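One structure is given here, and the rest of the page talks about it.
Every read-out reported here was derived from the displayed coordinates using simple, explicitly stated rules and does not represent laboratory data. What you are looking at is a predicted structure, and each value in this text was computed from that prediction instead of being measured. Glycine gets a Cβ as well: all are built from the backbone with ideal geometry, and neighbour counts include every protein chain shown.
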There are 2 protein chains.
Amino acid sequence: MAAGGAAGATVAEAGELVLIEALRPYLAPEGAGLELGAGDDAALWRPPAGANVVVTTDSLVEGVHFRAGAEEAAMADVGWKLLAVSLSDLAAMAATPGPAFLALSLPPSWPVSSVVYLYGGLADCAAAHGAQLAGGNFSAAPAAVLTSTCLGYVDPALALRRAGGEPGWALAVTGTLGGAAAALALERDGAPVEPAGAAAWRARLSRPEPRLEAARAAAAAGVRVGLDISDGLYRDAARLLGGAATGCVIDAGAIPLEAGVSEAWPERWTALAGGGEDYELLLAAPPAVMAGAAAAADAGGVPLRVIGELDSGDGVRLAVDGTERPAPPAGYEHFR
Amino acid sequence: MAAGGAAGATVAEAGELVLIEALRPYLAPEGAGLELGAGDDAALWRPPAGANVVVTTDSLVEGVHFRAGAEEAAMADVGWKLLAVSLSDLAAMAATPGPAFLALSLPPSWPVSSVVYLYGGLADCAAAHGAQLAGGNFSAAPAAVLTSTCLGYVDPALALRRAGGEPGWALAVTGTLGGAAAALALERDGAPVEPAGAAAWRARLSRPEPRLEAARAAAAAGVRVGLDISDGLYRDAARLLGGAATGCVIDAGAIPLEAGVSEAWPERWTALAGGGEDYELLLAAPPAVMAGAAAAADAGGVPLRVIGELDSGDGVRLAVDGTERPAPPAGYEHFR
């Protein structure tokens, strides 16, 4: 197996040096702007001239965001997701990924093989999306806390921001929503028969795809306002409000729902659509700009669909069969 | 108190939004290259034209690196140290600090006031050393894991690296060594009478000073090889070996020992000198270059003292009263 001489050992038995050696194959070589990677006190990175550096940091916690377990597929999924959630924040700025840094706090009893599988998933996600695993830090901890910090770069004139939307602007979302929340609901509630689409829902939860290309296509088409939907459609839509755009209305029938979700939960699908963890993008722009962005995103293979508009009303409302109501109180809040 | 309306609440009771509001006064305003700070999906930073970006990440873990406790002074010290250890890595590259990002994984039962005190220490260290607290991420966790990622910048031609030392080069160290290890030894073993110097030792452990100015002065004087002593003098000296410089000898009598340490531990002080956590710099350069660097560092108020030299011998040796022996097996190893 990939951990070589450390196979079967715990991280305490192997020690930090053996662990670093086992993970070296997964780290990015120097080059592509990375002047100095793992192995010195800090990394050196040369961003493109004139670009702004974009920085984001996220953690996955054992027992909160993932279960401990040494099975290869599960740990590789955790690695993928750890990087993907940070890359989704870069997508939310229309940035291009650069180096990523991991701070892994691990129980000394963790098998080295779990860390190797984790790095396999991290490296797969990095390769799929053009990021570079550039180094990081290990420490011992009572429960695993995995933190990724990703750097990227963007022309500041093209960066997506949360502020600046205006009444009358179209709201649009990439891809499909509700798959990750459906996977969580199925995991929690069970089902007598496996619903159609369940495998795809689980993939949305375990291996989210950061919408980097769609974001850059939308930015190139003139979109300047947006974010990624990590905490849920309705909760994140509220974060685009401000100034004259005090509210927005979302047409429930226009939400691009993950296949099978409304069939499995005919009463609850609007809440599941706002459940979060899909890591799609929510964008706002004048309708003509959004039409051009949608054409560009569609050409790149990720649909961008108008689901509503910003207005001067009161907060986030959902229109169901023509009747407006407050959006469901769905979505993730930390510490609650 | 500083936490305002959240006084006395736990982070679970307050929720993430109240917590973020309580911490806002400690965050850096936009400006000085920080184009977009906390509150969007990611931060935007504009490093000086032509500079390389330097990145480092470190974690402090409750129960491993610090004790839980709500007392103001203790939590402020943890905040100071969390940033200082990352800034020391920037010093080890001769870099200038930029924005810092925190990923705080906290037990839901933590008082909001502890987090506010933590940020007080972070902000003090940032202000003292020219870093900017630019944002970050909160998550719930069974035990607190605090991760800081610091960005900085450096002219790549002036960056300090670990590789490149040559036999005959002088080895030199900033400041004084052994204070932090003495504080730990005193905490563990106790003492019938408080030793002279103990208060200063504890300050070295709780509020380390990153040697940013001394590093830049040495780099400007031509020093190109060095690192910060985080794991201990002997362990970190071994990291400068490579190529023709297969060894080094350190003159025990030349080590600038923290005041009071050799008096309190006449038998053990060479081990305490290698105990780590002082966050001084260990530099290597041709003797004439080092003499110029020492003059520059002294002028800046942080002495730089030659303690030995690189050679083609076998590993790190300590010369005591003219007799060479292998360096004591002192210093910190993770997971052991």
Report summary line: Here, B:S312 and B:A68, labelled 7 Å along Cα→Cβ, have an inter-label distance in nm of 5.7 nm
Query raised in the report: At A:V193, with labels set 7 Å past Cα in the Cβ direction, how many nm apart are the copies from this one, shortest first?
Result: 8.6
Report task. Give me the distance in nm between label points sitting 7 Å out from Cα along the Cα-to-Cβ direction at A:A163 and B:A163, one decimal. Result -> 4.5 nm
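Regarding the stretch A:4-155, what's the average projected area of the Cα-atom convex hull, expressed in nm²? Provide the component values of the computation, followed by the final result.
On the way: hull surface 33.8 nm².
Its average projected convex-hull area is 8.5 nm².
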Report task. Place the label 7 angstrom along Cα→C-beta at A:G313 and in each other copy, then list the distances from the first to the rest in nm, shortest first. Result -> 8.0
Query raised in the report: Just going by the charge dipole of the stretch A:160-326, with Lys and Arg at +1 and Asp and Glu at -1 on Cβ, which of A:I229, A:A180, A:V316 is farthest out on the positive end?
Result: A:I229
Requested in this report: Kindly state, to the nearest 0.05, the FRET efficiency for A:I20 paired with A:A254, given R0 = 41 Å and r defined as their beta-carbon distance.
Outcome: 0.25
Report summary line: Per the helix-only model, chain B has a calculated mean residue ellipticity at 222 nm (DSSP H runs of ≥4, -39500 (n - 2.57) each, divided over all residues, rounded to the nearest 500) of -9500 deg cm²/dmol
Requested in this report: Quick one: check the C-alpha center-to-center distance for the stretch B:143-179 versus the stretch A:135-178, whole angstrom.
Outcome: 31 Å
Report summary line: Percent of all alpha-carbon pairs of the stretch B:94-227 at distances over 26 Å, whole number, is 45 percent
Query raised in the report: Over the Cα atoms of the protein assembly as shown, Rg to Rh with Kirkwood Rh, two decimal places?
Result: 1.00
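Can you figure out the FRET efficiency of B:R188 with B:E13, using R₀ = 41 Å and their beta-carbon distance, to the nearest 0.05? It would help to have the intermediate numbers written out before the result.
Details: r = 36 Å, r/R0 = 0.89.
The computed FRET efficiency comes out at 0.65.
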Requested in this report: Be a star and scan the stretch B:78-97 for residues whose amide nitrogen sits under 20 Å from the point 7 Å along the Cα-to-Cβ vector of B:D155.
Outcome: B:90-97
Query raised in the report: If the label for A:G253 sits 7 angstrom from Cα along the Cα-to-Cβ line, what are its distances to the same label in every other copy, in nm to one decimal, shortest first?
Result: 9.3
